[in-house]
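Below is one structure; the comments refer to it alone.
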Amino acid sequence: MRIKILVRLKGQILEPQGKVIEQSLNSLGFTEFSNIRQGKLIELDLPDNVSEEEKAQKIDSACKKLLVNDIIEEYEVLG
Amino acid sequence: MSFKSAVITFPGSNCDRDALCYLKDLTKGEVHNIWHEETSLPKVDLVILPGGFSFGDYLRSGAMASKSKIIDEVVKHANDNRYLLGICNGFQILTEIGLLEGALIRNKKLKFLGKNCFIKKKFKNNFNLSIKDNQILQIPIAHNEGNFYCDIETLNLLKNNEQIAFEYCKDEFSNTEENINGSIEAIAGITNKKKNVLGMMPHPERAYSDFHQSQDGRLIIESLIS
C-alpha cells in the first residue's frame, strides 16, 4: 500500500517560502491567493499485509524518529 | 597536560578541514579527524561537529547526520562532561540529536547569508570565559537555516538557566542588521544546561589566522584551554 505523509511547519512558525510564492502569484494576477504556506509530502510503500494498527504505529514511530521534527513541524497521514 | 580534540566529518561537511587547522594551530595538541561511520571516539577534551551541508541538507538540515553511527559516541562524550562544539551545520545537528533545545529554521529574509556578523556574549560559560562583557566579536556566518526558534517556555528555560551563550549585535561601524537572520531574541549560540555543549551559527574557525579578516574566533579555544 502507498502511504502519503504530509509534513508542514506548525502554524505559528514563520514560513518565508510561502510568503515569496504568494508575492509571485499575486504579481501574476492571482491576487485572491493569500496565506500561502509550503510543506512537504513524503510517499512510501508498506506491504499490504501490515495491519492497520501496525501501520499506524510504524508511521508514528518513523515520524518521531526521523521524518518530523516536532519542535517545528506537524504531520498528517493522507488517505 | 595537552589539550586533545577531534572533528567529525560527515558526507557534505565542508568546514571540517578549517576546524582541524583551527584546533591544530590553537591547541597545539593532538587532533583527530573522525569519519561519521566510525563507532568509537578517542578520549578527547573537545569534539567539533563542523559546518557544511551534511547529507545535502536532505529532509532537514542536520537530520540525517544526527542518526549517524558516531553520534552515540558523541552523546557519550557529552554525557562525560567533556566539551562538544557544533558550528553552523554542527549546531543544526546538535538540535536534531536533542542535545540542544530548539531548532534552526529558514532565515527570515530567505537569503543565504555569507558575510561577517557581530556577536557578543550573553551568559558566561567555559566557551566564552576569555571574552569580556559587551566585547563585540566579528565572526563570519554562512547559512540558509540559522534562524533560531523555540517556544516561549523553552526560551524562558534558556534564560533562567543562562544557556544563551552568544547573541547577534550591531557594530558601531557596521551596516548589518542587529538581528541578522530573524532568530528569537537574536540568539546566535546556546549551550545545554550543563554548559559543556555549545552550538553556534557563526564560524570561529574562519576567524583566527593572520590571513583572516578577524582573529576573534581564537577566543573560544583560548577560553576552553585557559
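Annotations for the structure displayed:
- Separation of the alpha carbons by more than 21 angstrom is noted, of A:19/B:122; B:121/B:195; A:10/B:120; B:132/B:159; A:4/B:108; B:76/B:132, for A:19/B:122; A:10/B:120; A:4/B:108; B:76/B:132.
- Amide proton proximity set for residue B:48, modelled H, under 5 Å, gap of 5+: B:6, B:7, B:8, B:85
- Dipole axis of chain B (+1 Lys, Arg; -1 Asp, Glu on Cβ), positive-most option in B:208, B:164, B:71: B:164
- Amide H contacts under 5 Å for residue B:129, placed H, 5+ residues apart: none
- Across chain B, the mean sequence separation of Cα contacts (distance under 8 Å, 6 or more residues apart), normalised by length, yields a relative contact order of 20 percent.
- Summing +1 for each Lys or Arg and -1 for each Asp or Glu among the other residues whose beta-carbon sits under 9 angstrom from that of residue B:15 gives -1.
- Taking B:95, A:31, B:27, B:154 and counting other C-beta atoms within 10 Å, the order from fewest to most: A:31, B:154, B:27, B:95
- Helix-derived mean residue ellipticity, 222 nm - over the protein assembly as shown, DSSP H n ≥ 4, -39500 (n - 2.57), to 500: -6500 deg cm²/dmol
- If you take all other residues with their beta carbon under 13 Å from the beta carbon of residue B:156, and give Lys and Arg +1 and Asp and Glu -1, the sum is -4.
- FRET E, pair residue A:57, residue B:24, Förster distance 35 Å, beta-carbon r, rounded to 0.05: 0.10
- The stretch A:2-78, relative contact order [Cα under 8 Å, separation at least 6], %: 52 percent
- Dipole size of the protein assembly as shown about its Cα centre, with +1 on Lys/Arg Cβ and -1 on Asp/Glu Cβ: approximately 540 debye, rounded to the nearest 20.
- Since only A:30, A:75, A:47 are under comparison, the one whose Cα sits farthest along the positive direction of the charge dipole of chain A, derived from C-beta charges on Lys, Arg, Asp and Glu, is A:30.
- Karplus-derived 3J(HN,Hα) values for the stretch A:55-72, using 6.51 cos²θ - 1.76 cosθ + 1.60 with θ = phi - 60°, are 4, 4, 5, 5, 5, 4, 5, 5, 5, 5, 7, 9, 5, 10, 9, 6, 6, 10 Hz; glycine and proline are entered as x.
- Using the Cβ of residue A:41 as centre and a radius below 11 Å, the other residues enclosed give a net charge of +1, where K and R count +1 and D and E count -1.
- Label reach from residue B:184 (point 7 Å along Cα→C-beta): in the stretch B:144-169, amide nitrogens under 17 Å belong to B:146-168.
Coordinate-derived values only; no laboratory data. The model shown is predicted, which means the values in this text are computed figures rather than measured ones. Cβ coordinates were reconstructed from backbone atoms using ideal geometry, including for glycine residues, and neighbour counts include every protein chain displayed.
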